[in-house]
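Trainee: After the structure tokens below, expect a handful of questions from me.
The values are calculated or read from the model by the stated rules, or taken from the named source; none is laboratory data. Predicted, not measured: the structure shown is a model, and the values here were computed from it. Neighbour counts run over all protein chains shown; Cβ positions are idealised from the backbone, glycine included.
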């Protein structure tokens, strides 16, 4: 067999060297994928837009992710599950669920895939995370935190639920001392996860208030509630942070103005948009925290090792110069406000 010429031999040597270098050079890992579960579309979803802005504020290596928007119906976790099954393949991704229904849907459809959630509901009662562990697992001699991590599944997130109902009733009484009969507007999903007697009626009685709970799940039902004789007999209202409070915010505020009834709400944004007062969790950090958790998990951190986050600050927002005079907040409460509109 003839030996290759010098030029051909050099070319072959370069080819062998290049092949070896290619074999030894590590390939770049695939870009992590985040899947956002929304209820409209990417262009019209304000929560998604805020998440995008928060994602852009993350450190550069962490914000290099693929982001997909998956719309589901806002008719409960079961409807969201059906939509996810129709439009997704079981490929690995980090799920970002900004509502309780979306989080429950993801856990049912993709229980082994990492999930980062935000919710106003208790994640233990929702089944997203297990209850806090006992001090030690004596049966298995396993550290309590290890047993809890095993039961938890690949989930972490942000809980915006609060235990402030009694405090809001107290502030409502102080702000409007003449009001003694209070209506509370809730929806079914909020009511089903709470003991209304213990959370609302009994604290109201201790404050000298008679509390009546009204339920509405759709905007049309809100109109029916406020048109009823029972609702018109209420002297003041408490509107917790429920889905119906978000979905029918304008209608609720218009009914309160029409009836000239004071109310306390659960988010400061409602006061900025015209409500009288709110005692709120400070959730200004929520989108940045959600983006941080999602990108940390996408970068490889085990979500079981990341504690579920909770708000640490609260604020009182008021609109003190409302008319008529029956809607004016008592000066003692105005002086305590963190934010005045």
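Trainee: Being surrounded by fewer than 21 Cβ atoms within 10 Å (Cβ to Cβ) and over 25 Å from residue 117 (Cα atoms) is true for just one of 182, 213. Which residue is that?
Mentor: Only one candidate passes the filter, namely 213.
Trainee: Given the criteria closer than 24 Å to residue 204 by Cβ and free of Cβ contacts under 8 Å to residues at least 12 places away in the same chain, does residue 262 qualify?
Mentor: Judged against the criteria, residue 262 is not a match.
Trainee: Taking region 103-125, which residues are under 10 Å from the mean Cα position of the chain (by Cα) and in a helix (DSSP H, G or I)?
Mentor: Within region 103-125, 103 is the sole residue that qualifies.
Trainee: Could you pull out the residue among 251, 227, 236 that is exposed (fewer than 15 other Cβ atoms within 10 Å of the Cβ) and either without any contact (Cβ under 8 Å) to a residue 12 or more places away in the chain or not assigned by TED's automatic domain parsing to the domain that holds residue 93 (or both)?
Mentor: 227
Trainee: Determine which single condition residue 122 fails, assuming it passes every other condition in (1) closer than 26 Å to residue 264 by Cα; (2) modelled with pLDDT of 85 or more.
Mentor: Just one mismatch for residue 122, condition (2).
Trainee: Now for a separate question. Kindly list the number of the only condition in (1) touching a strand residue (DSSP E or B) at 6+ places or on another chain (Cβ under 8 Å); (2) touching a residue at least 60 places away in the same chain (Cβ under 8 Å) that fails for residue 193.
Mentor: So residue 193 meets the others, but not (1).
Trainee: Name every residue in region 43-68 that is under 18 Å from residue 101 (Cα atoms) and surrounded by fewer than 16 Cβ atoms within 10 Å (Cβ to Cβ), in order of residue number.
Mentor: Passing the criteria: only 46.
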